[in-house]
Structures are given as C-alpha cells and as structure tokens.
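I have placed the structure first, in the form of structure tokens, so that the comments after it can refer back to it.
The values are calculated or read from the model by the stated rules, or taken from the named source; none is laboratory data. All figures in this text were calculated on a predicted structure; none of them were measured in a lab. Cβ atoms come from the backbone with ideal geometry, glycine included; neighbour counts cover every protein chain shown.
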Amino acid sequence: MRPVMHLLLFLLAMMTALPAAAGGAWPRGKGNVFASISWTTFGDVEGYLAQVSHPIVEGRRVELENELGLYAEIGLSERLTFGLDRHTRPESDINAAIWFLRGSLGDLSWRNRYAVEIGLGPVQDWRGLEDTMMRTGFAWGRGFETRWADGWVDVDAKAGWQMEAEEGHWKLDTTVGFKPGERNLVYLQMQSGGIESAPAYLRAVPTYVRRLGHGLSVESALQLGLHNDDAQGVKLGTWFEF
C-alpha cells in the first residue's frame, strides 16, 4: 500500500474513534448525561510512515502527537440520545466536532438492542481543508452473564462523508466487555475501517475503567495497530455520569 494511503487510514481511525462506553446500541435514558474527556498520545505522521516503510531499529526516535477528546451525550427521551463527538490535535490542526442524534429501535425490553444514528458537523482534515462531515450509523448490542462476571457485546458500524472533499469512509467497532465487580470495567475493542476502495485497517484497544464513585470514573487504554496500521498509542480519560 502507498504511504499516503496508510496515512489516510490512520487519520480516519482517529477522526471516528469513540469511547466504548459511549454510543452503541443502548440509549442513555431520559435526563441522564454522560461525558468524557481524554488525552491520547501516538506515533505522529512522520514516525508512522517511517515505521511503515522500514523496520523499527534500536535507538530510532519516533515523534509523538497528542489528541484531546471530548464526548458528551444526554438522553432526550427513553429512546432518543443527543450528543457531541469532538477532538483536536494541536500539533497538526486536525479537528472535528460532530453533533449527532441516536434513536433506539424495537422494544426496549428486548435482550438484543438496536440503534440508528445521524450526525453532522465541521471538520478540518490532514490537508488543512475545512469541510463538513455527515455521518450515519447502526449499532447492535447484547448483554450476557457468565459464572465470573456479567458482560456485553456491541457492534457499532458508521459511514461518513466529507462533503467538499467528496470522500467517503466506513468504520466498524466490535467491543466485548466484562464487569468484574461494581467498580471495574474491562473490555477489548477491535476497530476496523477504510476509505472508499482502500484496504481496511485493524486495531486492538484493550481498556480498563475504574469507577471512583459519585459518577466519576477513570479510563486507561492501549491502541495497538495490527493490520495496515503500525501506530501505537496510550489513552487516558475521565468519565462523568449523572
């Protein structure tokens, strides 16, 4: 694959990433609020392309880039959730702010949960182009029990379109998580996606969340590129629920 296509896939993944506990098939619930702020550091464009082009050698200096994220949603009703998905990277001036509305489908008592989503907002991409992105999504989720801990599985598919650039992309996140106690969440999210006809990437994001009480939680995660993505990263975040 050409280096520029690796770059496009890498940037797409960061532009569409969401907290695993946010979004998905479960509605937030009327009057309930969830918000998260996060900081992620990962191999920058130069370091990423260097790793794609050549084997990693001992002593190589890999530049890092930072990303600041804000995600918030509020339950407008038992079925409708309204929210904002925003991020910015100070070093490269890449940013996005997608306002979205998500609606639950089917009976809320069903064990299988379904939801659809539509979003719209301004973005500034890797070329410095100020554009508008339209995003649609569909999600399925289901809870389950084991002898060790309760858990859940969630599949969240999204398709986006940059209007001025006339570029489409897709993203599919699959999450399997467990709740080993009232204060702990552990989950693994497999992230994949692509730009139009480009080959897809695959990334693993193992995450641990510790609930501190009073609606406050802290999150720590690794981002591990597996296929068409050699980038590695660390994410730290804080969740607020009320």
*Taking the range 59-82, which residues are over 14 Å from the mean Cα position of the chain (by Cα), part of a strand (DSSP E or B) and not aromatic (Phe, Trp, Tyr)?*
64, 65, 66, 73, 74, 75, 80, 81
*From (1) surrounded by 15 or more Cβ atoms within 10 Å (Cβ to Cβ); (2) modelled with pLDDT of 95 or more, pick out the condition that doesn't hold for residue 123.*
(2)
*When only residues in the range 132-168 that are among the acidic types (Asp, Glu) and surrounded by 18 or more Cβ atoms within 10 Å (Cβ to Cβ) count, which is farthest from residue 103 (Cα to Cα)?*
154
*In this structure, does residue 198 turn out to be of a type outside the set (Lys, Arg), surrounded by fewer than 20 Cβ atoms within 10 Å (Cβ to Cβ), in contact with a helix residue (DSSP H, G or I) (Cβ under 6 Å, 6 or more places away or on another chain) and more than 30 Å from residue 30 (Cβ to Cβ)?*
yes
*So is residue 147 under 24 Å from residue 86 (Cα atoms), at pLDDT below 95 and assigned to a loop (DSSP other than H, G, I, E, B) or not?*
no
*asked:* Show the residue pairs meeting these rules: Cβ distance below 6 Å; 6+ apart or different chains; first residue within the range 142-160 and farther than 30 Å from residue 125 by Cβ; second residue among the β-branched types (Val, Ile, Thr) and modelled with pLDDT of 95 or more.
replied: 142/153; 153/176
_Quick test for you: out of 179, 171, pick the one residue that is over 27 Å from residue 227 (Cα atoms), surrounded by 17 or more Cβ atoms within 10 Å (Cβ to Cβ) and not aromatic (Phe, Trp, Tyr)._
179
